[in-house]
1. Please indicate, with yes or no, whether at least one residue in the stretch 7-15 is hydroxyl-bearing (Ser, Thr, Tyr), on the phi < 0 side of the Ramachandran plot, part of a helix (DSSP H, G or I) and within 12 Å of the chain's Cα centre (by Cα).
2. Name the pairs whose Cβ atoms lie under 8 Å apart, with the first residue in the stretch 33-57 and free of Cβ contacts under 8 Å to residues at least 12 places away in the same chain, the second assigned to a strand (DSSP E or B) and surrounded by 14 or more Cβ atoms within 10 Å (Cβ to Cβ), and 6 or more positions between them or separate chains?
3. Pairs needed: first member in the stretch 13-30, touching a residue at least 60 places away in the same chain (Cβ under 8 Å); second member anywhere, in a helix (DSSP H, G or I); C-beta distance under 6 Å; at least 6 residues apart or different chains.
4. When you scan the stretch 57-73, do you find a residue that is of a type in the set (Gly, Ala, Ser), surrounded by 13 or more Cβ atoms within 10 Å (Cβ to Cβ) and not in a helix (DSSP H, G or I), even just one?
5. Taking residue 19 as the residue in question, decide whether it is of a type in the set (A, V, I, L, M, F, W, C) and surrounded by 11 or more Cβ atoms within 10 Å (Cβ to Cβ).
6. I want to confirm something. Restricting to the stretch 78-102 and keeping residues that are outside any helix (DSSP H, G or I) and at pLDDT below 80, which single residue is surrounded by the most Cβ atoms within 10 Å (Cβ to Cβ)?
Amino acid sequence: MSTRILAWTVAVLLTAMYVFALVVPVGNLLYLPRLGFGVSPLGWVLLIAGALLPVAVFLLAAWIPRRRSAGQRLLVLVTGLAVVGLLQLEQTLLVPTTLFFT
């Protein structure tokens, strides 16, 4: 019983981390145009992709290990969170900001 509670607690915390990884791109998507920045078409694609990425990875990480043990499911969720973090850092560091704005 205590292992199930621990597994659910860790799963809820990991889900909160996915939500946090979603909040920043959605904020950028909503407020960059409102602040007067002209966003280029490629910038829109990158902003939308950044907002959809955490959702898509979370859904895949929840669906792939659906018939596995709790530990394996948590490991897949952690791996998916690492992939989201890696791709967000790649977008932040390797894509020049001049591509975002007109």
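The values are calculated or read from the model by the stated rules, or taken from the named source; none is laboratory data. Predicted model only: the values in this text are computed from it and were never measured. Every residue, glycine as well, gets a Cβ built from its backbone with ideal geometry; the counts of neighbours run over all protein chains shown.
1. Looking only at the stretch 7-15, we keep the residues that are hydroxyl-bearing (Ser, Thr, Tyr), and these are 9, 15.
Narrowing further to those that are on the phi < 0 side of the Ramachandran plot: 9, 15.
Subsequent filtering for residues that are part of a helix (DSSP H, G or I) retains 9, 15.
If we keep only those that are within 12 Å of the chain's Cα centre (by Cα) too, we end up with 15.
So far as the stretch 7-15 goes, yes, one or more of its residues are hydroxyl-bearing (Ser, Thr, Tyr), on the phi < 0 side of the Ramachandran plot, part of a helix (DSSP H, G or I) and within 12 Å of the chain's Cα centre (by Cα).
2. 33/39
3. Filtered contacts from the stretch 13-30: 14/77; 17/81; 18/54; 18/58; 21/54; 21/84; 25/50; 25/51.
4. no
5. yes
6. 100
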